[in-house]
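All remarks here apply to the structure that follows.
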Amino acid sequence: MPRALAAVLLAAALLVAGPAAASVSPLSAGTDLDYQLGGAAAVPDHVGIVVRDRAERPASGRYNVCYVNGFQTQRGERAVWRRHPGLVLRRHGRPVVDEAWGERLLDLRTARKRARLAAIVGRWTRGCARHGYDAVEYDNLDSYTRSHHLLTRRHALAYARLLVHGAHRAGLAAGQKNLADLDGTRLGYDFAIAEECGRYEECALYTNHYGDRVLAIEYRNSDFRWTCERYGARLAVVLRDRDLSPAGVHRWC
């Protein structure tokens, strides 16, 4: 086996086998949530959980979740991926793009690439920890479903396990985002981000695995009412505008 490949595989093994941090803080219960990916906004007193992009600072005195796009590229990260062109998934020589968001999919097909990607995302995760976040959400676990069959669920879960262990080693709880049918606790996830679980009637899939450790975000009034009626007494549920703009819609059950 080439030395470079052996080193990468060893790094991946250490990510999985390394000790989890004892200081991981569990998700707060019995409080409201605000989902602020479009920019930081004032946090009402009744909100105890705030999710913000990793480029933002956490909210003072709250349980803070750091958003990291773990499986696809962000627009502001072009320089990063230009330095690592082989880590972007390609089809017929062209990057595979999630058309809904204009994001390129990351190439998870080999253990070596997964380890290299986990190292990059791991640096971002440790940055979240240094800034004072309590947890991290890794978006787009379901990117393989948009890969034209180039990626598989097995690839995604193997990579997710690396990310989760990296979060724990950084002292952060890890949130599952997407794939409602997956029991992410088997990969080590600590809670779930259930985006539009009311709209797609998926909330029960998440609560079956995580109990009340589920953060529910809805974007339509009808879905918000439905989720509040059935889960509002148990889960943190918020209605946001789809752009998640600081001055946009913020409503709670």
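Just so it is clear, none of the values below were taken in a lab; they were calculated from the coordinates. As the structure is a prediction and not an experimental result, all values here were calculated from the model. Please note: Cβ atoms are built from the backbone with ideal geometry, for glycine as well, and neighbour counts cover all protein chains shown.
Structure values in brief
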| read-out | value |
| --- | --- |
| 13 Å beta-carbon shell around Leu187, net charge (K/R +1, D/E -1) | +3 |
| R0 of 35 Å, Cβ-Cβ distance Glu77-Arg186: FRET efficiency to nearest 0.05 | 0.75 |
| Share, in percent, of DSSP beta bridges within the range 164-253 that are antiparallel, nearest 5 | 20 |
| Which labelled figure in (1) 58, 48, 32; (2) 56, 41, 33; (3) 59, 46, 36 is Cα extents along the principal axes in Å, once derived from the coordinates | (2) |
| Calculated FRET value between Ala42 and Arg242, using beta carbons and R₀ = 25 Å, to 0.05 | 0.75 |
| Fewest-first sequence of Ser25, Ser147, Ser222 by Cβ atoms within 10 Å of each Cβ | Ser222, Ser25, Ser147 |
| Whole-angstrom gap from the range 220-253 to the range 126-160, using each part's C-alpha centre | 24 |
| Two-site label geometry, Thr145 and Arg126: point separation in nm, points 7 Å out along Cα→Cβ | 3.4 |
| Fraction of antiparallel bridges per DSSP, the chain only, in percent to nearest 5 | 25 |
